[in-house]
Amino acid sequence: MHSVGIDLHRKRSHIAVIDEEGEQLLSRRIINDPQTFLALLEGVGECRVALEATYGWEWLADVLQDAGYELHLAHPMRTKAIASARVKTDAVDARTLAHLLRADLLPEAYIAPRELRDLRDLLRHRVALTRMRSALKNRVSAVLAKNGIERPYSDLFGPAGLRFLAELELREGPRRRLDSTLALIGDFTREIDATSREIDTRAHDDPYVPVLCQIRGVGRYIAMLVIAEVGDIARFATARRLCSWAGLTPTVRSSDGKARLGHISGQGSPPLRWALVEAAQHAASGGGPLRDSYEQIAKRRGKQIAKVAIARRILTLCFYGLRDGEIRCLAPRATARAVRTPAVSA
């Protein structure tokens with residue numbers, strides 16, 4: 001069986017094909033058109049394909065999988081660590097992917113099903129909308145600060161706060177900018193509400209959502225985000241490996257028998273880490289074991305490290321909830337009884 005490496009770019013890509021003996025049969029640059037890819041691969045014959053998980057890889061993965069090709073997704077950072085080269089061109093990168101695939105040395109990334117990727121996009125869309133709305137709210141605060149106006153309400157964007165902003169007397173320029181920003185905030189709020197309703201509908205049908213919601217700090221939205229970002233929990237043998245994949249474990253530098261722990265690696269899914277830290281903040285303000293742990297760690301290491309530590313503990317609880325379908329006595333809201341769910345794939 002031939003091995004194919006594809007170095008994917010925005011407009012054009014490079015394809016390299018090698019045979020079972022490692023001889024290069026083809027090296028060609030083509031435009032990013034589905035029919036062009038399929039026509040070229042049809043002429044190659046029986047083959048398997050290596051594709052690097054670069055920007056915009058999903059569309060080509062769908063095309064190849066729908067056509068019945070055996071697809072392998074290469075992890076970009078690990079591929080670079082294994083096959084760094086002095087001369088780096090598109091042709092070299094494509095040929096390297098093909099050789100790694102032929103030798104079964106390709107470091108592979110998880111290819112989530114299309115439905116799961118769609119759910120991820122929906123949840124990440126809400127995260128993006130929320131962050132853009134937060135930036136606009138900060139601009140409103142900046143307008144008030146520049147004009148020497150105190151905030152009369154802790155929630156400036158609640159009903160009373162919005163009435164205050166609407167009736168506030170300002171010069172023409174700042175008033176026009178404030179009205180424009182408030183209108184944009186209203187638009188974002190409507191979009192966020194619509195997206196939240198769609199997420200709630202999907203959460204209602206997912207059997208794992210009520211399990212994860214037993215963890216203090218985890219609501220339906222964060223539960224759905226964990227389910228979508230983690231995918232198949234069977235990929236992880238232990239909770240520690242899941243936390244490592246999520247970038248919540250410290251880096252280690254070891255030499256001559258001495259080991260030094262650094263900051264968390266920060267790899268994996270940024271939306272997942274953001275959601276877990278948000279859950280940790282809610283858990284720290286509540287009661288029970290997670291709050292007690294937060295306070296103990298905060299006294300020794302500071303609040304930021306404590307939040308990350310609690311985020312990791314929450315993800316550990318999520319691992320057992322997704323793997324076993326239940327959480328027993330590990331979170332305050334789960335002490336009364338264990339919530340069970342049928343053993344279905346996440």
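If packing is taken as the average number of other Cβ atoms within 10 Å across a peptide's residues, how do 48-59, 111-122, 162-173, 306-317 rank, most packed first? It would help to have the intermediate numbers written out before the result.
Numbers: 48-59: 17.6, 111-122: 15.5, 162-173: 11.8, 306-317: 22.2.
Ranked by mean Cβ neighbours within 10 Å, highest first: 306-317, 48-59, 111-122, 162-173.
Accessible area of the chain with a 1.4 Å probe: how many percent of it is carbon plus sulfur? Spell out each step's value before the answer.
Numbers: 9470 of 19340 Å².
Of all accessible area on the chain, carbon and sulfur atoms account for 49 percent.
Taking every protein chain into account, the 1.4 Å probe leaves ILE30 with about 10 Å² of accessible area, to the nearest ten. With protein chains left intact and a 1.4 Å probe, residues in the stretch 221-305 average 55 Å² of accessible area per residue.
Its residue count N fixes a reference of 2.2 N^0.38 Å for the stretch 136-242, and the Cα radius of gyration divided by that reference is 1.57. Pairs of Cα atoms nearer than 8 Å and 6+ residues apart set the relative contact order; for the chain it is 13 percent.
The residues of the stretch 62-209 have, on average, 61 Å² of accessible surface per residue, using a 1.4 Å probe with all protein chains present.
Once the gyration tensor of the Cα atoms in the chain is diagonalised, the equivalent ellipsoid follows with semi-axes of 43, 29, 21 Å, ordered largest first.
Subtracting the Cα-Cα distance of TYR320 and ILE31 from 0.36 nm times their residue separation leaves 99.5 nm of extension gain.
For PHE236, PHE188, PHE37, what's the largest-to-smallest order of accessible area, 1.4 Å probe? If you can, show how the numbers build up before the last one.
Details: PHE236 20, PHE188 45, PHE37 0 Å².
Largest to smallest exposure gives the sequence PHE188, PHE236, PHE37.
Please count, across the chain, the pairs of lysine residues with Cα atoms under 27 Å apart that sit 8 or more places apart or on different chains. Each step should come with its number before you reach the end.
Values: LYS11/LYS80; LYS11/LYS88; LYS80/LYS88; LYS137/LYS146; LYS137/LYS303; LYS137/LYS307; LYS258/LYS299; LYS299/LYS307.
Taking the Cα cut-off of 27 Å, the pair count is 8.
Heavy-atom accessible area with a 1.4 Å probe sorts SER134, SER154, SER285, SER269, largest first, into SER154, SER285, SER134, SER269.
The values are calculated or read from the model by the stated rules, or taken from the named source; none is laboratory data. Values in this document were obtained by computation on a predicted structure and should not be read as measured data. Neighbour counts run over all protein chains shown; Cβ positions are idealised from the backbone, glycine included. Heads up: the accessible areas ignore ligands, DNA and RNA and are worked out on the full protein's heavy atoms, side chains in. Shrake-Rupley method; radii C 1.70, N 1.55, O 1.52, S 1.80 Å.
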